[in-house]
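The values are calculated or read from the model by the stated rules, or taken from the named source; none is laboratory data. All values derive from a computational prediction rather than experimental measurement. Note that we place each Cβ from the backbone using ideal geometry, even for glycine, and neighbour counts take in every protein chain shown. Heavy atoms of the whole protein, side chains included, go into the accessibility calculation; ligands, DNA and RNA do not. Shrake-Rupley method; radii C 1.70, N 1.55, O 1.52, S 1.80 Å.
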Amino acid sequence: MATEQKVNDENCADFAICDKFATTFNILGRKWNGLILEVLLNEGPSRFKDLSRAVVNCSDRVMVERLKELEEAELIERRTYEASSLIEYALTERGESMRPMMEAIHTWSDKWNA
């Protein structure tokens, strides 16, 4: 059983947050990660320059950091090709499985963010 983080505040009852849930939000809560995943969900495998154009205001340095984080989390993979200098980033099966969650976020956003 996963260890749980206890949250105690005078204004709320004690409750526990599952480590797996917290880990997921640590990944998705990082600025730009959700947007990078969204681009890959909608556009498919993409080169660095295309991701940079799509995720505006994210510096190249930060984009590199976020791509490495998402790769370490096994949500994306970095593809290289022997006969070419082409490098692209694509969703893994784990990353693709986030599609229903991202669609739910879109639905919620459309309803509540006027």
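Can you compute the helix-only [θ] at 222 nm over the chain? Use -39500 (n - 2.57) per DSSP H run of at least 4 residues, normalise by all residues, nearest 500 deg cm²/dmol. After summing the helix terms and dividing by the residues of the chain, the value is -15000 deg cm²/dmol. Computed from Cα positions, the angle between helix 60-72 and the longest principal axis of the chain comes to roughly 70 degrees. Principal-axis analysis of the Cα atoms of the chain puts helix 19-28 at an angle of about 40° to the longest axis.
Would you work out what percent of the accessible area of the chain, with all protein chains in place, is carbon or sulfur (probe 1.4 Å)?
52
Restricting the chymotrypsin sites (Phe, Trp or Tyr not before Pro) of segment 56-114 to loop positions (DSSP other than H, G, I, E, B) with no more than 12 neighbouring Cβ atoms within 10 Å leaves 81. Once the Cα atoms are used to define both axes, helix 33-43 deviates from the longest principal axis of the chain by about 50 degrees.
Go through segment 43-114 and name the GluC sites (Glu not before Pro) that are in a DSSP coil and have 12 or fewer other Cβ atoms within 10 Å of their Cβ. Don't skip to the end; give the middle numbers.
On the way: sites: 43, 65, 69, 71, 72, 74, 77, 82, 88, 93, 96, 103; in loops: 74, 82.
Loop-located and lightly packed - 74, 82.
Quick one: order 17, 36 from most to least accessible surface, probe 1.4 Å. Working shown, then result.
Numbers: 17 45, 36 0 Å².
The ranking, largest first, comes out as 17, 36.
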